[in-house]
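Values in this text are rule-based calculations from the coordinates and carry no lab data. Values in this document were obtained by computation on a predicted structure and should not be read as measured data. Here the Cβ positions follow ideal geometry from the backbone for every residue, glycine too, while neighbour counts run over all protein chains shown.
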Amino acid sequence: MRFVFLVAVVVGLGVPQASAQDPFAGVTNEPRPSEFLHWDADSFAGFKSELEGELRDGPGIFGTQFAVLNALPRADHRPHDVQIIYRSGYTQPEIHETKWDTYVVLDGSGTVLVGGERTNWVEGLPRDEQRPELSGAQEFHITKGDMLHVPARSWHQVKLADEESITYALINVHED
């Protein structure tokens with residue numbers, strides 16, 4: 001019995017004691033941003049309907065079926081913004097120098113290619129007449145409820161079959 005007590009005392013001495021310090025004590029809360037936002041399922045359905053309407057009324061971006069709504073526009077006081085994107089059909093590969101993307105799929109499905117190199121780009125041809133692809137990229141099938149993170153300086157492309165469409169929240173984090 002003495003041996004067990006002695007072991008408990010010796011082992012107990014080697015364990016740091018829990019501190020009652022407040023881990024948030026040094027965090028400033030002034031000035032307080034007033035950007036508390038909540039988007040529910042009805043909000044996303046409204047966003048999707050608005051974006052689909054934009055595509056019915058126009059050509060999308062670079063002649064592709066791509067529409068974007070700035071749900072939380074970029075601002076100097078924070079390093080992120082949020083877009084809601086609806087796309088169908090072909091979209092071109094893209095790359096960003098200082099922007100990291102996190103996709104949160106709200107509806108639909110498709111394939112995202114990440115990495116590799118852009119091929120079939122014709123110098124001098126207008127961008128809306130181009131149909132480049134990615135070669136050597138890693139492939140991810142994404143569907144409603146999935147999240148995908150794409151680092152800055154990485155080629156990426158959302159590929160959809162002709163009958164597929166996808167709606168997602170895109171959280172953009174910008175490097176300083």
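Per-structure values
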read-out: Per-residue [θ]222 nm for the chain (sum of -39500 (n - 2.57) over DSSP H runs n ≥ 4, rounded to 500); value: -5500 deg cm²/dmol
read-out: Three-way shape label, the stretch 42-161, alpha-carbon gyration tensor, a/c 1.5; value: rounded
read-out: Summed side-chain charge close to Trp155 - residues other than Trp155 whose Cβ falls under 14 Å, Lys, Arg +1, Asp, Glu -1; value: -2
read-out: Net charge of neighbours whose Cβ lies under 11 Å from the Cβ of Thr111, counting Lys and Arg as +1 and Asp and Glu as -1; value: -1
read-out: Reduced Cα scattering model of the stretch 103-162, Debye log10 I(q)/I(0), q = 0.14, 0.21, 0.31 Å⁻¹; value: -0.45, -0.88, -1.24
read-out: Gained length - Arg74 relative to Phe36, 0.36 nm times residue gap less alpha-carbon distance; value: 12.2 nm
read-out: Cβ-based net charge around Leu72, under 12 Å, with every Lys or Arg adding one and every Asp or Glu removing one; value: 0
read-out: Helix 2-13 vs. the chain, principal-axis angle (Cα, 0 to 90°, nearest 10); value: 50 degrees
read-out: For peptides 25-36, 71-82, 87-98, sequence by mean Cβ density within 10 Å, most packed first; value: 87-98, 71-82, 25-36
